[in-house]
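Each remark here refers to the structure printed beneath this line.
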Protein chains: 2
Amino acid sequence: MALTHDEVIDAAVGLLRTHGLADLTMRRLARELEVQPGALYWHVANKQTLLVRVAERMLADVTTAEGSTPLLGIRRIALGIRAAVLPVPDGSDVVALGYALDPTSVAAFVRLRELVAELCDSPATTTAATDLIVHHVLGSVGVEQNRRAADLPNRGATGAFERGLDLALTSITTPIAQRSAHGS
Amino acid sequence: MALTHDEVIDAAVGLLRTHGLADLTMRRLARELEVQPGALYWHVANKQTLLVRVAERMLADVTTAEGSTPLLGIRRIALGIRAAVLPVPDGSDVVALGYALDPTSVAAFVRLRELVAELCDSPATTTAATDLIVHHVLGSVGVEQNRRAADLPNRGATGAFERGLDLALTSITTPIAQRSAHGS
DNA sequence: ACCTGAACACCGTTCAAGT
DNA sequence: ACCTGAACACCGTTCAAGT
């Protein structure tokens, strides 16, 4: 019975989850699915777009349920994304690629931006604030995952992440009144 | 005459600058230096540590000169890191790896943290704020570089980056008084 | 001390040809 | 429509052996 696109993506996520990016190869994936490597290219254009779909799938279950306030909703989604990506080796690299190439393909990112917009006074500020939060989430996870892969300690990473997130959130709720210096 | 460690790193930076990570291979590097691939392993332990040295070299010339105020100094270093990394394809990936594995190996990161510390009331806050800034810089550059590599537009990227940076800086100078909601 | 030669176990992608 | 077989042009790393 014929292979489907979804089976390919599911197998790719499984491979990433258990072995990391170094072992998520087209050839290994083909072996897992018991087809020849060339068969995959009927279902996906190339490895890059495969990875974008993998990112989508990884974040598909992040809850975007209504919260009491926009700020709490933002916080919950940020924590949700972190929780979804952290256990998947090299997950932050894959999701960062997806965010760069197609930020609207992930519901959690779209919902995050909507909630941020409720607290911002212009689309430009909304974009800047959303990016700040997403970069912090993916950057933090990336550091943790790179260190883990190199057998380095991650002491206090969760606390540091949450403190950084709160700083970012503080800046969104701070009126334009107290603005810091603008150089050059 | 014998190859030196520095010649290897310089050639690696050159390869990255002109062709990106996909073409920065140990074999290609060896060809460039007119040696056999195995020869490189006398000078570097493996590709991963080579990349960490490449990151160091990329940021070696970022100016950490004294500014009038800590805030302006932070801003200048952040812009300097961005300017150094942006023109090097996949530079943000390489530097992010370096920041994760050995954040003290880059003078610009160390100086950035010192300046942030002058505005923070605890080491924990200093860490969170420094990470927030670094993640924003590298995340922004990463998005731009991934999009460029995929022939996607980067309209208004510089402005969006600076707005995000200013949000992050605002949060540092905002007293603990006006703190945003803390959930769960 | 520094490098070559040669091997080992892999890659992503393409494409004629099969069913 | 979907896949095989086979090829093309590559990878990182190791290590005996040479100088």
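In table form, for the structure just shown:
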{"quantity": "Any hit, the stretch B:148-159, residues being facing chain A (nearest Cβ under 7 Å) and surrounded by 21 or more Cβ atoms within 10 Å (Cβ to Cβ)", "calculated": "no"}
{"quantity": "Boolean, B:PRO153 is at pLDDT 95 or above and part of a loop (DSSP other than H, G, I, E, B)", "calculated": "yes"}
{"quantity": "Test: residue in the stretch B:28-47 that is touching a Gly at 6+ places or on another chain (Cβ under 9 Å) and polar (S, T, N, Q)", "calculated": "no"}
{"quantity": "Filter result for B:VAL54 (farther than 23 Å from B:VAL143 by Cβ, β-branched (Val, Ile, Thr), within 16 Å of DNA strand D (Cβ to nearest atom) and away from every other protein chain (no Cβ under 12 Å))", "calculated": "no"}
{"quantity": "Extreme residue, farthest from the other protein chains (Cβ to nearest Cβ), among residues of the stretch A:60-71 that are of a type in the set (A, V, I, L, M) and not in a helix (DSSP H, G or I)", "calculated": "A:ALA60"}
{"quantity": "Residue check for B:LEU86: within 7 Å of chain A (Cβ to nearest Cβ) and at pLDDT 95 or above", "calculated": "no"}
{"quantity": "Complete set of residues in the stretch A:42-51 that are loosely packed, with under 13 Cβ neighbours inside 10 Å and either within 7 Å of DNA strand C (Cβ to nearest atom) or more than 14 Å from every other protein chain (Cβ to nearest Cβ) (or both)", "calculated": "A:TRP42, A:ASN46"}
{"quantity": "Among the residues listed as A:LEU15, A:LEU40, the single one being over 19 Å from A:LEU138 (Cα atoms), outside any loop (DSSP other than H, G, I, E, B) and within 16 Å of DNA strand D (Cβ to nearest atom)", "calculated": "A:LEU40"}
{"quantity": "One residue from B:ILE81, B:ILE74 being facing chain A (nearest Cβ under 10 Å), among the β-branched types (Val, Ile, Thr), touching a helix residue (DSSP H, G or I) at 6+ places or on another chain (Cβ under 9 Å) and on the phi < 0 side of the Ramachandran plot", "calculated": "B:ILE74"}
{"quantity": "Unmet criterion (only one of (1) in contact with a Ser or Thr (Cβ under 6 Å, 6 or more places away or on another chain); (2) more than 20 Å from A:VAL62 (Cα to Cα)) for A:ALA117", "calculated": "(2)"}
{"quantity": "Single residue of B:ARG57, B:ARG75 found to be surrounded by fewer than 20 Cβ atoms within 10 Å (Cβ to Cβ) and either in contact (Cβ under 8 Å) with a residue 60 or more places away in the chain or part of a helix (DSSP H, G or I) (or both)", "calculated": "B:ARG57"}
{"quantity": "Qualifying position, being in contact (Cβ under 8 Å) with a residue 60 or more places away in the chain and small (Gly, Ala, Ser), among A:GLY67, A:GLY91", "calculated": "A:GLY91"}
{"quantity": "Where B:VAL35 falls short, out of the listed (1) exposed (fewer than 13 other Cβ atoms within 10 Å of the Cβ); (2) within 16 Å of DNA strand D (Cβ to nearest atom); (3) of a type outside the set (Ser, Thr, Tyr); (4) away from chain A (no Cβ under 13 Å)", "calculated": "(1)"}
{"quantity": "Any chance B:LEU138 is part of a loop (DSSP other than H, G, I, E, B) and either more than 23 Å from A:GLU162 (Cβ to Cβ) or within 12 Å of chain A (Cβ to nearest Cβ) (or both)", "calculated": "no"}
{"quantity": "Evaluation of A:ALA30 against (1) surrounded by 14 or more Cβ atoms within 10 Å (Cβ to Cβ); (2) away from DNA strand C (no atom under 12 Å from the Cβ); (3) free of Cβ contacts under 8 Å to residues at least 40 places away in the same chain (one fails), failing number", "calculated": "(2)"}
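Residue-by-condition table, conditions (1) of a type in the set (S, T, N, Q); (2) out of contact with any helix residue (DSSP H, G or I) (no Cβ under 6 Å at 6 or more places or on another chain):
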| site | (1), (2) |
| --- | --- |
| B:ALA22 | no, yes |
| B:ALA39 | no, yes |
| B:TRP42 | no, yes |
| B:THR49 | yes, yes |
| B:ARG53 | no, no |
| B:GLU56 | no, no |
| B:ALA60 | no, yes |
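The values are calculated or read from the model by the stated rules, or taken from the named source; none is laboratory data. All values derive from a computational prediction rather than experimental measurement. FYI the Cβ positions are ideal-geometry reconstructions off the backbone, even for glycines, and counts take in every protein chain you see.
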